[in-house]
Structures are given as structure tokens and as C-alpha cells.
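Values quoted throughout were computed directly from the atomic coordinates according to the rules given, and no laboratory measurement underlies them. All values derive from a computational prediction rather than experimental measurement. Neighbour counts run over all protein chains shown; Cβ positions are idealised from the backbone, glycine included.
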Amino acid sequence: MAVSRREFLKASAAATALMAIGAPVVKAAGSDGMDRWVKGVCRFCGTGCGVLVGVRGGKAVMVKGDPNNHNAGFLCLKGALMPPIIYAKERVTKPLIRKNGKLTPVSWDEALDYTAGKFKAVLKSDGPNAVAFYGSGQALTEETYLASKIFKAGLRCNNVEGNPRLCMASAVGGYVTTFGKDEPMGSYEDIDAATCFFIIGSNTSECHPILFKRIASRKQSDKNVKIIVVDPRKTNTARIADLHVSFKPGTDLAILNAMAYHIIQEELDNPRFHGRYVNFMNNKKEKVSFEDYQKFLADYTPEKAEALSGVPAATIRKMAQWFAESSATMSLWCMGINQRIRGVWANNLIHNLHLLTGKIGKPGSTPFSLTGQPNACGGVRDTGGLSHLLPAGRLIKKAEHRAEMEKLWGLAPGTINPKPGLHTVALYNALGQGKVKALLMLCTNPAHSLPNVNKHQAALARKDTFVCVIEAFRDAETLKFADVVLPPAFWCEREGVYGCSERRYSLISKAIDPPGQARPSVNILVDLAKRMGVDPKLVNFKNSAEVWDEWRAVARPTPYNFWGMTRERMRKESGIRWPCPDEKHPGTNIRYVRGEDPNIPKDHPRKYHFYGKPDGRAVIWLRPYKGAAEEPDAQYPFVLTTGRVIDHWHTGTMTMKVPELRKSFPKAYVELAAADAKKMGINNGDNVKLETRRDKMVFQARVSDVCRPGLVFVPFFDVHLLINKLTLDAFDPGSKQPEYKICAVRVSKV
Amino acid sequence: MAQGGRKLPKKWLILLAVLVVVIAGAAIPLAQSSTTEFCMSCHEMRRYQDELKKSPHAVDKDKQPIGCQQCHVPNSIGLRYLTVKVVLGFKDIWVHQFGDPENLDRRAMQPVARRFVVDENCLACHQDLTKDARGEKKISPIGELCHQAYLQENGNTKRGCVGCHFNMAHLPEFDRRYFFNQEFAKRLSLQTAERRR
Amino acid sequence: MAIAGLLVHSLVEEAEALQERISAMAGMTTYGIHEGQYIVVVAEAPGDQMEAAVDQLDRLPGVLTIYTTYLTIEDELEADGA
Amino acid sequence: MTATGDNGPKPKKWTKRILWILAVLVLAVGVAVLYINLAFPKVRCQAVDHLKSPDQLGDCFQCHLKATPKVAQDWYESKHGVMLVKCFVCHGQPDGKGSVPYAVSPDVNTTCRKCHDPSIKKMEYKYGLKPVCTDCHPFHNNSLHHKAYVKPVAKKTVQ
């Protein structure tokens, strides 16, 4: 057909459409009183909801949901309540130096020179291992990448850590050991296609409310959707559960293995899938056969798991049946699985169920790790903001990765220190022993959120340690121990990228100017690095956009490639999911699947290709059972667990500034099971003393049927009642993530 | 005018007599129509009495059955009494005659019924608002706050015992799911079960 | 290859982004935004996949509705020697 | 009553009297209706001004579970209840200091638009904008279809 003919047809097609414009035009939506709406991402949890900040007269007046992002205009109850936080009176607006015990305002130059001087002195006297950086999953991607580069390349120090070590390290371990690469392979769209949800160790309705809404809407749209919630607490999440399974805390590994046992026994597994795409490996990383896996599972029969966990064998069988028989199963988990002495293994066992039944890489079928913080994924995990990582999935201990980074960063070979740095708990122990003498902190509150915090507060309080904190709020607990406080621009006062749980990078555009002398943290870090003697060539960035472009280039040769996410495109679109190799690429919905994942060539012989592993096969790990680090005993008969409530975010530094949120949860409380309360004669509202081997504290009792008998729960948002003084800092040997969720406690009526 | 005076009182006297006769004439049927028996003369009211028997207001403190008029007709004879008798009386007769008495729209009737139950009738038996219904125990702290708001000592609910105390005597189907109606609903379901057997 | 003339009615704020995204899609050419919310699109796809293509277009965020104003599969007929 | 010429023009006197009677009747009915609305208010509980007990103020649900159990259960079992869209999201803070204006019955248009703006726009285009959302979507008990949610309200606290 002559091309001109074709062009003619296309032209007439366009013409008819243009003629159709004559149709009645609907009133354009007003901008309801705002000068302009600025696109951004919510400052709180890992769901990463898109927001629009309403700016009027240069002030952020209102926040509402971004209809184009995954949350389709919805926000949870605290998402829209940002203005009172932005304009809180406790905002730090001038740099502060502690002079004879009091933080006094000083100029930027004085503060930066003083800090740089301290760092240089320690570097000279004790070498690079005596300084450290402690970042956050709430800092921008550009800020964490820059800080990590300054320390690892500039100061040759690998002591770069961040609070994702406390929340997501086990998930990273799980993904890397099973699939070879970090980050989930599915996305939020899988929620709309799943017919069975396996939610374990997550109070989704309070910690990821918009995802909970999406799960509930999915269930509401299809009667046959089954929801399993496995949690020793019957939280609000259980309200939409068809099956709520409460178990003895610390016994989840046995339950997961027992489910695998049942799936194989009932021949509900998918031999074709795990035959072609999976290797079986034991704990000594040796390849074993499927028969060995069956022999291994022999001592995890549902009956044995029942003895350990208290969950009836029939329930375990039913869970496994639903998991295997549904057309599409999505599992979701969070801190309940990650913050455990064997968090990595727990993650592995969940992946095992998906690999065993082949419920992966298909819409609605995916193991999906929920992230706590808004930028733990994009900011710290992907940019390598931990002591053993280099950017984009590279490892410090691998020589070729170090060489590659040295080339990309333009460093002399051998600059990057081959030995990984100190992980968070080791870092604060070293601070306590005086081995680390200078610490730079960004956008986090460890004096409140570290486990066994008395020990670490003492470490921070040491006279001979220098602590410089970049923090926006004056009343954060950590500022009691800060020698220097630098005021950063907060949230939408500067531009930068947040990466949420579903690999979606979204841009927070600058809506308003920072107050007083606060500056964007990227500029603070660049200025500080130059004064610390870091080679200016490494840090010649004027703003976060330039850091972003370098980070795009660094990630380009790896499967984490998001080269297509240029700044302009990010400003226009509401978040794109990587991998996204070029500007035309719409982003990836499912990884490791030919045709979906751009890292896999179109003509690849295998449909599923886990390119993170040398032979392209994922791993089903034979992980044995391991209980909690501190099991309850005669002296400390109860289990203490900590967690979050929907009204507050982490340490409450921000949410306590909002009148409604402060009023709805003014102070922490201890949640007791009704049966226990009756036995001890505790009524609702009485004072109760909690005592562990580390400390004791009194809380008001809240008696309800949420906790199972033998379990008590305390939220950790209250700065005046630091429950972390009681928690334990034992950590997972693999991921080094502390076990917040379980420690033994004694409960007595006051 | 004196001469008129003698004639005048006779006219006024007649008028007075007529008035007395009219009032007495009206009072009697008004009184008679304020009894439970009269209410029960219409079949559709039967259901309400069954519910009342199972409700917390079945009998008063000395075990006498409570009549319809003790709540629905203002105790003190006055303008409210007349308004209720005339307005509601006329409505009842109209609905009984021309409406569809067998399946009444109870959801629509509820607000109207609650509107015409005056607090005075409740306070007749429950004088002490700091004590519970039987006047024994002290009410809960939250209850105290509510009654203070009712008495406008702390906040102001702008009147109405029945604005907060629902389903004290009757419990239609659609209100049986509420947790505060569970005992009442269970007693009612037992009653219907007996009747069916 | 069938050819369809489509009128995509989108939300006002999303019109820009939507046009970007549609023009990035295979077989779609856009002809500008009118009245701030109508995007004229010409879609080219094999006859049997045209419906799926339009459906995929409809599911894009910000799309209110899509009018099909023109559809021809003339060249496929020619190819079948009709 | 002094009689004017008793054979005056009959019709004029009669219409005057009818008019008088009509006026009195209308007045009477007006007064009656006014009286009924005053003596027997339609809404028996309007919480014109919320109680002043600061420590109790925070947790709306605990107190309203006892004070207004019907509304509390309706909310708890509705989709808003399951999604933990708590009272202050729409009603604000009784002391008026919150960022959301305090309102016993909030202005439906602005409150709903905060979250449901996109779907309102879509509805507006397809069916035209209905001024009051709650005509079709009852706010507290927007019912949830089939057995999607655990129905009865669990006793929040034992007491």
C-alpha cells in the first residue's frame, strides 16, 4: 500500500477526531484557591504515596493525594497533615555548636569549620576507621549517595551506615541470597491481580494504610479472594482476614517450613518450575537435590510445627492449601519477619514457598517485602548506603566491584578500603569503646530508635566523641548528645528523589523555601566534604540534580539501570519503576521475566531468568528452625514486642507536631491481652511496670483482645517513654539487623 | 350598665357552662385515649407491645408494667400534652384509616416518635442523673460527662434524653445488630422462636 | 495494520504527562491537546490487537474516556486480496 | 356591634369576613407549626458545643463508643472504619486548634474532595456533579459489599 495512502488514512483519522472536539466541553477543574500545586511524595512510610502540595503566597497550605501516582489521590490519615510540621516552631533554623553544655547559634562557616576540623583531627590521629556516617531511609537518594561517596571514596572510610540496617537489612539478605539481586520483583499492581494474600509479620492497615486499602478493595471486588494474616497480634489488619493465625512469637520459621512440607506432601508444588528455574541449597551453601529438601522438611511436619508454635496443624495445612491452590498468591511482610534473630532465613522461607509453587513472575503472584521508610529502597539499599555495599548492588568485598567503582568515580586503583566497615550495632559499640571518635548523622534519631538504647546513649554521651547531626527539629532525642547541629531544608523545601517499596522512584519538587539559614543537605555535605579535605573533583555538585545524573550513570551498567529517568521526565511523571534503560521506556512492572524485564533479551531461551545468580536459577534454601534470642522464662514470663501505630511515624518527632495526631495518641501505652489482665487484676487504664534484663518502665495499660495471651505490645513513638531502653540488641548474624520484635519481660501491676 | 350587668352574667354563665362541658367532654376521651388498652385497639400496635415486654422498660421499679402513655404522652397536662394528643392522635387515626398500617416504615417513624417523647416523662422515674437507671450505682465517668453536657454544665448537647438513649422500649429489625442492643435482641429472638414453635 | 482515530479525554492536570506517555507507546501518534484535556491520537495496530491497544490506552492514569472517531482496516483487506 | 345599614352591599362585607377568617387561620397554623418545631426539635442531640475535658479529648472513639454507640459502631464497621480514617480526618479537633476545621457535620463538598477528588471528577464528567455526596453515599455506614469485612465491632476495651 503506497505510503501516501497510509498517510492519508492517518490524516483523516486525526481530522475526524479533531472534528469531534465540537462535543460539549466539561468545566475544567479549578485549582481551588492555590497559586500552584507542586508534585511530590509523602514524607512518611514506604508505601510512597504521591502528593500535591498546595502553595499559596509562598507557603505550603494544603497537601492532597496525587491522582497520577499509584495511590490515585488517596492518602492515609497523617499524609495530608504536613503543614503544621513544616511550620513547627521547633524547626532548627541556624547552625548550633554546644558551648559549655548549651547548643548556641553560630554562623555556617564556624560550624562547618569546627566540624571539619574535628573530623580531620580524628582522621589524622586514628585513621579513617575512627570516623563514621549514620544516614537514614528518610534522606534523599542524592544525599545518601553523596555521603556514601564522600566517606568511601573521599575519606577511604567504609563506616557508612543507616537506619535501614534496623529495618530492611534482612529483606536485602533474603532477596540477595535467593535471587542474587535486591528489591522485590513485583509491584503494587500485583495487588489488583492476586486472589490470595499471605500477610505475615506486618500490621499493613496501620503501617502501609494505602496498600491495605488497595488489598481491601481487591477483596471487595472479588468474593473469592482469600486473605491470610499471620500475626501474634490480632491487629486492624486482621479485620479483612479470612484466616487470622496467631502463633507463639519466634516460631515463624517452623510454620513456614511446615507449609512447604504440606505443599510437597499434597503435591501442590510446581516441579516443572522449580525443576527448571531453582536450585536447592543447604545452610552450608552446597547444592542439594529436591529429595534432600524433602528429607530436610521431614522434621517440619505441621504436627511438629504445632508443638513449637501453638498453631493447630489443620490451620497450617489450610494456609498452605490456600497459598498453593490460589490462581495468584501475593505474600507481604514487614518488620515482624525482618527484625528477627534469623530475619534473612525467614525471608528465604517465604521466597521458598513462591519458588516451590511457581507463584512468581506472574501478575498477582509475587513475594513482596514492604519497606518501612520512604527512601530505604531508593536511598540506601540501591545507592549502597551500608557498610558492606557499593552503589547499585556492588559489594565492597568484591575486588572487581571496587575496581569498577574506582574507575567510575575517577579514583586511583586501590583507593576504596577492601574491608567492609562497622554495621550499626557494632558502630555504636565501637563508639562506646572509643574506637570511633567522630560521627556525622543525617535525618535520623538513633538516641530514640536504637535497641538497648541506654548502652548507645552512653556511647553518644562520651566526652571524647564528636557527634555532628543534620536534623530539622530541635526537640529530637538525639540532639541531647549532639556537639554540632546543622539545619537542613525539610521535605518539600528542596528537590530530590524518594524510592518506595515497589522500585518506584518519584521526585519531590521544591515547593517552598527553607526557613532561616537552613540549606539543602546536598549542599551541606558538599561544603563539609571540601572543608574536610576531600578532593573537590569528587564532590563538585551544585544541586541534587547533578548528583542524580552521576548516580544514573553509575547504575547504568548494572541490572539496577534507571538511565531513562532523567530529571525532566521525573518532574513530569508521577514516579517510574526501575529498571528503565531509556527515556522512552515506561518502567518495569515485573522483573526476571522475559518480555517484562528490560535486562532480559527478548529472545532469551528461558521465560524466567534470575540473572542475579550465575546460572540464572533462584535458590530454595534449607533453613533450619531458630527461636528468638531471648525466650521468655520463669523470671521474665512475657514476650515484649514493639511497633508502630497509624497516627505516629517512628519517633514522633514530626507527627507530635500535628495537634490531631498528638491528641489521638498523646503517650505510649502497654497493650495487654484480656486474659492476662484479668489474671493479674489489671484494669484498663491502670499503671503497669514492665521490666526486662536491661531496664524497667511504667506504662498505662490498654486491655484488649489484640495481643495474644503471654504477649505485650508497646509503640515506640513516645520520646518520654523510650521503650527501646528495654529492648534487646541481639542481631541476625547474616544481615546484622537487631531483633526488636521479641524480648523477655516481666509485667507487674503498680 | 347595671341592668346590663344582670343580663350579662347569665350570658357569661351559659358560656362558662358550655366551656366546662366542652372541656370535660374533651378531657374524658383524651384521658381514655391515653391508655395502653386504647393503643392496643389497633392491631398494628401489637408488635410494639411485644417488644416493650422484652425491653428494659417492660416494668418499672415496683414491677408494674409500663404503659405507652408513660413515655409517649407528656405527663403534665399542658400545651405539649395537647399538641401531642392532637397532632399525633390525628396522624395515627389518619394512617390507620387511609395509610398502610400493616407494614409501617419504622425507619422513617423513628425520628418522629423520638421527637415527641419529652424529657419530662423520662425524668419522672429517673430523677438522679448521676446514678444509673435503677438509681443504685454511680454512672461511668463518660456517662457523667454526657449528662453534664445535657445539663449544659460542660458543653451543650441541646436537649433530648432520647437523642442519645436509643431503643429503650422498641427495637426494629434494622437496629438489632448494634452491640448495645444485644441482650434486647436476644430476648426478642427467643420470643419469636417460641411463637414459631 | 488497522488505523484508528481516537479522542482521549483526560484530566486537566494530567494532559501533558498523558500525551508524553501515549506518544511513547508503540503505534501511537498524538496530534496535540485541545481545550486542555482532549488528546487526538491515531493508533496503528494489527486489526485483532486494536481493541487491546485502545483498552491499554484507557487504563492509563488520568484518562477519563476515549472516543473512537475513525477506524479502517482497509490495508488488511487489501492484503487478504479481498 | 353597631350595625351599619343592615342592607349594605352584602358581598363586600362577606368577603371581608372570609378574608379575616382566612388570615386568622393561617396565623394559627403558622403559630402551631412554629410551636411544634420549638417544643419538639427535630434533632434531639446536636452537640452544639463539645465538652471541655482536655485529657479525654484525644481518643474520640473510646469516648464515643460509650456516648454515641450507634455512630461509633456504624463508623467502625464502615469502610472508613476498616481503613482507620479516624474521626479527626473529617470532623477536626473539638477545641478548633487542629488543621481541620471542627464541624459536627462537616461540609461534605470540601471534606470528601480531600481524598476522593479524582473519582468525583470522573463522576462529574459522566453523571454531572450531585451537590451532596451523602445523598447516595451515607458517610458513616458506607456499606461494604458481601462478607468482605469482619462485621461486628469487637469490644475495643474490656469494661
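The table that follows gives values for the structure above.
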item: Length gained when the stretch A:Asp695-A:Arg6 is fully extended (0.36 nm per residue, less Cα-Cα span); result: 240.1 nm
item: Label point distance in nm, B:Val87-D:Val104, each placed 7 Å from Cα along Cα→Cβ; result: 1.9
item: Along principal axes, Cα extents of segment A:449-531, largest first, whole Å; result: 40, 33, 26
item: Percent of alpha-carbon pairs separated by more than 11 Å within segment A:36-86; result: 64
item: Difference of contour (0.36 nm per residue) and Cα-Cα distance, A:Ala634 to A:Glu267; result: 127.9 nm
item: Chain C: angle of helix C:47-58 to the longest principal axis, Cα-based, in degrees nearest 10; result: 10
item: Directionally averaged shadow of segment B:80-197, computed from the convex hull of its alpha-carbon atoms, nm²; result: 9.9
item: Kirkwood hydrodynamic radius (C-alpha pairs) into Stokes-Einstein, segment C:2-79, 20 °C and 1.002 mPa s, D in µm²/s; result: 172
item: C-alpha long axis of helix B:182-196 to longest principal axis of chain B, angle in °; result: 80
item: Computed E for B:Ala133/B:Leu190 - FRET, C-beta separation, R0 22 angstrom, nearest 0.05; result: 0.50
item: Residues B:Asn103 and A:Asn687, FRET efficiency given R0 of 51 Å [Cβ-Cβ distance, rounded to 0.05]; result: 0.35
item: Angle between chain B longest axis and helix B:106-115 axis [Cα atoms, degrees, rounded to 10]; result: 60
item: Set A:Lys181/A:Lys397; A:Lys149/A:Lys398; A:Lys749/D:Lys66 screened for pairs whose C-alpha atoms are more than 22 Å apart; result: A:Lys749/D:Lys66
item: Debye, to nearest 20: dipole size of segment A:220-261, +1 on Lys, Arg Cβ, -1 on Asp, Glu Cβ; result: 140
item: Calculated P(r) of segment D:57-144 - Cα pairs past 15 Å, %; result: 63
item: Expected-Rg normalisation [2.2 N^0.38 Å, Cα atoms] applied to segment A:148-290; result: 1.31
item: Charge dipole (debye, nearest 20) of segment B:78-187; +1 at Cβ of Lys and Arg, -1 at Cβ of Asp and Glu; result: 60
item: Stokes-Einstein D (µm²/s) once Rh is taken as the Kirkwood radius of chain A over alpha-carbon pairs, at 10 °C in 1.306 mPa s; result: 59
item: Spacing of the two label points (7 Å from each Cα toward its C-beta) at D:Lys42 and A:Arg556, in nm; result: 6.9
item: Estimated 222 nm signal from helices in the protein assembly as shown, with DSSP H stretches of n ≥ 4 weighted -39500 (n - 2.57), rounded to 500; result: -11000 deg cm²/dmol
item: Where labels lie 7 Å past Cα in the beta-carbon direction, separation of B:Glu144 and A:Asp513 in nm; result: 5.5
item: Rounded to the nearest 20 debye, dipole of segment D:57-144 from Cβ charges on Lys, Arg, Asp, Glu; result: 220
item: FRET E, pair A:Ala412, A:Asp109, Förster distance 51 Å, beta-carbon r, rounded to 0.05; result: 0.95
item: Pair-distance profile P(r), taking every C-alpha pair of segment A:606-750, with 5 angstrom steps and integer %; result: 2, 9, 16, 18, 16, 12, 8, 6, 5, 5, 3, 1, 0
item: Segment A:328-463: translational diffusion in µm²/s, Stokes-Einstein, Kirkwood Rh over Cα pairs, 37 °C, 0.692 mPa s; result: 183
